[in-house]
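The values are calculated or read from the model by the stated rules, or taken from the named source; none is laboratory data. Predicted model, so just to flag it, every value in this text is computed and none were measured. Here the Cβ positions follow ideal geometry from the backbone for every residue, glycine too, while neighbour counts run over all protein chains shown. Side chains are part of the model used for accessible areas, which takes the heavy atoms of the whole protein and leaves out ligands, DNA and RNA. Shrake-Rupley method; radii C 1.70, N 1.55, O 1.52, S 1.80 Å.
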Amino acid sequence: MKRRFALAGTLLALVLGFGALPAAATPSGTSPASTTTALAAPDISVTAVRTHLEELSAVAARNGGNRRSTTQGYRDSVAYVKGRLQAAGYTVTEQPCTSGCTSGAGPNLIAEWPRGDADNVYMFGAHLDGVSAGPGMNDNASGSAALLENALALARENPDLRNRVRFAWWTDEEQGLNGSYFYVRSLSSAERSRIKAYYNFDMIASVNGGYFINRITSAAAAPMKAYWDSLGLRPEENTEGAGRSDDYSFERYGIPTSGYAMGASARKTAAQAAKWGGTSGASYDPCYHRACDTLSNINTTGLDRAADGIAYTLWQQAVGTGGGGVCDTAGVIGNGGFESGTAPWTGTTAAIAAHTGRPAHGGTRFAWLGGNGSAGTESISQTVTVPAGCTGASLGFWLRVETAESGTRAYDTFTVRVNGTTLATWSNVHAGGGWTQRSADLSAYAGQTVTVTFTATEDRSLQTGFLLDDVSLQSD
């Protein structure tokens, strides 16, 4: 990751993410429950990723100890990655950076798997160059190596693809995101519009790192967050990396972005150390842009979890079910009856409880949104994957509306949203009748990872409470 410095016209914020997995969490190869009907993503071998790191370390050792974009160390790094990709069956393009890059910088490396819809491209990238101070194993051989092994895994598995997958290894990132910016600005507007999301991986093995996700609340980030959530990581938004890695080049042109990272020179807080382990008050990467960024500066556990999360995201965004349209809805909604604490729900989770004086629809717990009699909003959300075969899917739930309002005017509302789009609305007008089964159509989201949000909005007078229970995905 490049150091932060002023760039004319580059004031848009980019967010990268960092976080760490508790020791008791699900093993790294385990996929979230929402993947039960899609082809499972492969478990990426961290040993194989380490092998790529060792090769890149050897490249640096043979070339003055670094892989800066203008050196033979960088060009030999390109040759190694290109050779592995070509052996796997990729057609690989070296793109010279003919303007805006440091004089003498080597090329970008682009590889596309020639299957899936070419009008819907999901792009995965990492910068391959390092600084002159050292071999750059965490920054950014870690991202480059994890990306390479994911590309090789896609070739080995060779699944049916519904969307196109493109990989990129960028030059001259450390000098100002120059290689990626040259690539994006060289595309036509039509070519840019085909890129539905770009995922960036920069410093994903910091030894004192956290687990952060770039633009964590965005639709593009949903599968990345879903995977780390399934491991109990509780990832955070990256603020340190905003505008400092290659995803910024894509965001400047309005292309959705996300990505994983584990932190650079910023210091881990006490709260983060309590959540993820590590040393409070110390840098995420104590060897950031230093000679000690060697193979001993690699967090293998974090690297493994990031590599597997890349595979999960790739499979969710681009791989077909391979199962002839099976629609298995079991387990898609996690903790839909609210009986198992609050996870994986996020938002106003204090609304989830065994509320005195009100019976749940089933069990003992439910979510009570609103009911405050003052202006405000309460909501709970969950990120889920709608199986690709569920072309007749709906979100089913039980709703009870209690109000002190009267008449036929909607003062207080309850909405169901998917990725911010409102699918259904109820209000104080629908009060009475006890628990009533409701639904919202999710057919349009088959095969997608989405965020479902239930929101209660009250005006400043007279309460309306919206009681929610037994949420599930149903098939027609």
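Odds and ends about this structure:
- Which label in [x] -0.68; [y] -0.62; [z] -0.55 gives the computed log10 I(q)/I(0) by the Debye sum over Cα atoms at q = 0.09 Å⁻¹: [y]
- The listed residues 2, 82 rank as 82, 2 when sorted by accessible area, largest first, using a 1.4 Å probe.
- Surface share of carbon and sulfur [accessible, 1.4 angstrom probe, percent] for the chain: 49 percent
- Residues of type aspartates and glutamates that residue 275 reaches as a straight line, Cα spacing below 13 Å, ignoring anything fewer than 8 places off in the same chain: 236
- Rounded, prolate or oblate (a/c below 1.5 giving rounded, otherwise prolate when a/b exceeds b/c) for the range 252-400 by Cα gyration tensor: oblate
- Each of 435, 127, 257 was scored by the projection of its Cα onto the charge dipole of the chain, and the greatest displacement toward the positive side belongs to 127; charges sit on the C-beta of Lys, Arg, Asp and Glu.
- Amide H to amide H, with H built 1.01 Å from N, residue 115 comes under 5 Å of 165, counting only residues 5 or more places away or on other chains.
- Scanning the chain for DSSP H helices at least 20 Å long along the axis (C-alpha atoms) with a Kyte-Doolittle mean no lower than -1.0 picks out 46-62, 72-87, 142-157, 300-318.
- Segment residue 117..residue 282, full-extension length gain: 54.9 nm, with 0.36 nm per residue of separation and the alpha-carbon distance subtracted.
- Assigned charges on the beta-carbon of Lys, Arg, Asp, Glu; the range 320-476 dipole about Cα centre (debye): 100 debye
- Distance (nanometres) between label positions extended 7 Å along Cα→Cβ at residue 93 and residue 439: 4.6 nm
- Cα-centre dipole for the chain with unit charges at Cβ (Lys and Arg positive, Asp and Glu negative), debye to 20: 680 debye
- With all protein chains modelled, accessible area of residue 308 [1.4 Å, Å²]: 10 Å²
- 222 nm mean residue ellipticity, helices alone, for the chain (DSSP H n ≥ 4; -39,500 (n - 2.57); rounded to 500): -6500 deg cm²/dmol
- Computed over all pairs of different Cα atoms, the Kirkwood value for the hydrodynamic radius of the range 49-113 is 12.5 Å.
- Across 253, 74, the residue with the most accessible area heads the list, and the full order at a 1.4 Å probe is 253, 74.
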